[in-house]
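One structure below.
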Amino acid sequence: SKLAALFEHPLYNIPMPEVTEKDKLFVVNPMEKFSLRSSRSDEWVSSSKAETLLPTGKTAYDTYPTWLKFHVGINRYELYPRRDPLMPTLLRDLATQRIISSVQKSGGTQLKLIMTFPNYGQALFKPMKQTRDQETPIDFFYFSDFERHNAEIAAFHLDRILDFRRIPPVSGRLVNITKEIRDITTDKKLAKTFFISPAGNVCFYGECSYYCSTEHALCGKPDRLEGSMAALLPDKTLAKRRSWRSPWRRSYHKSKKAEWELNPNYCAQVRETPPYDRGHRLLDLIDMAVLDFLMGNMDRHHYETFEKFGNDTFLLHLDNGRGFGTHSRDEPSILAPLWQCCSIKKSTYLRLQLLATQPYRLSDLLREALATDPLAPILTEPHLRALDRRLGKVLATVGRCLAG
């Protein structure tokens, strides 16, 4: 396994800073038992009269569902550890656990569902809208493109291979529209949008600002539909998140350009603006630009951080559905933070160099990682080959910075 060899490599075993109590998102006494606030709530609260040892001889922590262990493990430096024993179980839960509730997620431009499991875990379901080999038409603006379920799956694995570990776990899943959405939804607005197509397939379209109409309905075969299932982050009432507008945000206008596209010295003014004027925030943003360039994702207008950790923490790479839309062309403007600032973390640069070598070729590693997904193959071969080509362009950009 190339993937196993990669994770054994010294560059993937650089020690983490020590995690103190204040560096943890949740400070939990592992002897404390957790109960649910009410039958309708998916929030957990500490039970003060907890027994330190359960009759089975296990501590209360051992009995937590996997999603809760994932939440408890989040800290200032990482969303999940490199060698996370929970990961295979968490991905399997997302793909197989019984769905007891499906409701539409509010906000956002395209249809997404929040699905709840019997153990109070929740996942964000993005349904399949187009096939793996459909490229984004050349005349489409980035903001009018479909979101892809397979891009969400591939982005999680790519982020992990790059050792960023800033995307919540995602698994593919084949969902039964009738039994796992229509028959169990309590969402009246969603329920009104189901119909049977002329071909006899079960379809629905929900309510949202784009692509939620009969013409853009999601249809099963006859009621089976692919989608991505992403583990939800802790509820914002328990762990507040801050949303930051990206300095390299696009204009989201058909003819206007953003300031960074017009000003060659744009990075100098970003460097003087908090929070980019100190710490590693700008370098984290450049990491994100590298990830987005490899995926071809032009739609990174905001990013988030956990409020508890202030400015000294990692960026969450959420919402990656507009990646992997094209393999036949690259979008150099995504790399603007890198070539305008001519900065990159040494650790990131060394890992990118490693992923360009034959034993650790990026496309081979991602192909191997994605082969375990229930919906494999996730990416077509041209998309995997495009990754190697784009990685070469990232390294060439850094080379020019070093030479300049």
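Quick notes on this one:
- The distance between label points at Gln134 and Arg249 comes to 2.9 nm (points 7 Å beyond Cα on the Cα→Cβ vector).
- Cα shape, the chain, gyration tensor, a/c 1.5 rule: oblate
- Candidates Lys192, Lys22, Lys254, ranked by Gaussian network fluctuation over the chain, Cα under 10 Å, top entry: Lys254
- Test item: Cα-centred dipole of the range 64-164, Lys/Arg +1 and Asp/Glu -1 on Cβ, debye: 480 debye
- Candidates Arg278, Arg165, Arg351, ranked by Gaussian network fluctuation over the chain, Cα under 10 Å, top entry: Arg278
- Take Lys179: with every protein chain present and a 1.4 Å probe, its accessible area is about 140 Å².
- Adding -39500 (n - 2.57) for every DSSP H run of four residues or longer, then dividing by how many residues the chain holds, sets the calculated 222 nm ellipticity at -8000 deg cm²/dmol.
- Candidates Ala95, Ala289, Ala199: whichever shows maximal mean-square fluctuation once the chain is modelled as a Gaussian network with Cα springs under 10 Å: Ala199
- Note on exposure: Tyr205, Tyr80 ranked by accessible area (1.4 Å probe, complete protein assembly) read Tyr205, Tyr80, with the most exposed listed first.
- Sorting Glu21, Glu261 on solvent-accessible area from highest to lowest, probe radius 1.4 Å, gives Glu21, Glu261.
- Fully extending the segment from His216 to Lys179, taken as 0.36 nm per residue of separation minus the present Cα-Cα distance, adds 11.2 nm.
- Dipole of the range 62-231 [Lys/Arg +1, Asp/Glu -1 at C-beta], most positive-end residue of Met128, Ala231, Gly107: Ala231
- Ile196 accessible area, 1.4 Å probe, all protein chains in place, Å² to nearest 10: 100 Å²
- Sites Lys2 and Ala403, calculated FRET efficiency, Cβ-Cβ separation with R0 35 Å, nearest 0.05: 0.65
- Separation of the Ala199 and Lys346 label points, Cα + 7 Å toward Cβ, nm: 5.6 nm
- A straight chain from Thr89 to Glu18 at 0.36 nm per residue would run longer than the Cα-Cα distance by 23.0 nm.
- Ranking Lys126, Lys346 from most to least accessible surface, computed with a 1.4 Å probe over the protein chains only, gives Lys346, Lys126.
- Percent carbon-and-sulfur accessible area, the range 241-403, ignoring ligands, DNA and RNA, probe 1.4 Å: 52 percent
- Between Leu338, Thr348, Phe309, the Cα set farthest toward the positive side of the dipole of the range 309-367 (charges on each charged residue's Cβ, about the Cα centre) is that of Thr348.
- Reachable lysines from Lys236, criterion Cα separation under 21 angstrom, eight or more residues apart if same chain: Lys22, Lys24, Lys69, Lys105, Lys112, Lys126, Lys308
- Per residue, the range 241-403 exposes 44 Å² of solvent-accessible protein surface, assessed with a 1.4 angstrom probe and all protein chains in place.
- Note on Tyr120 and Arg224: their simple-model spin labels are 3.4 nm apart, each label 7 Å out from Cα toward Cβ.
- Total charge dipole magnitude, the chain, about the Cα centre, Cβ charges on Lys, Arg, Asp, Glu only, Debye to nearest 20: 300 debye
- Comparing Ala151, Pro81, Asn263 along the charge dipole axis of the chain, the residue lying farthest to the positive side is Asn263, per the Cβ-charge model.
The values are calculated or read from the model by the stated rules, or taken from the named source; none is laboratory data. Here the structure is a predicted model, which is why all the values come from computation and not from measurement. Please note: Cβ atoms are built from the backbone with ideal geometry, for glycine as well, and neighbour counts cover all protein chains shown. In case anyone asks, the SASA skips ligands and DNA or RNA and just uses the protein heavy atoms, side chains included. Shrake-Rupley method; radii C 1.70, N 1.55, O 1.52, S 1.80 Å.
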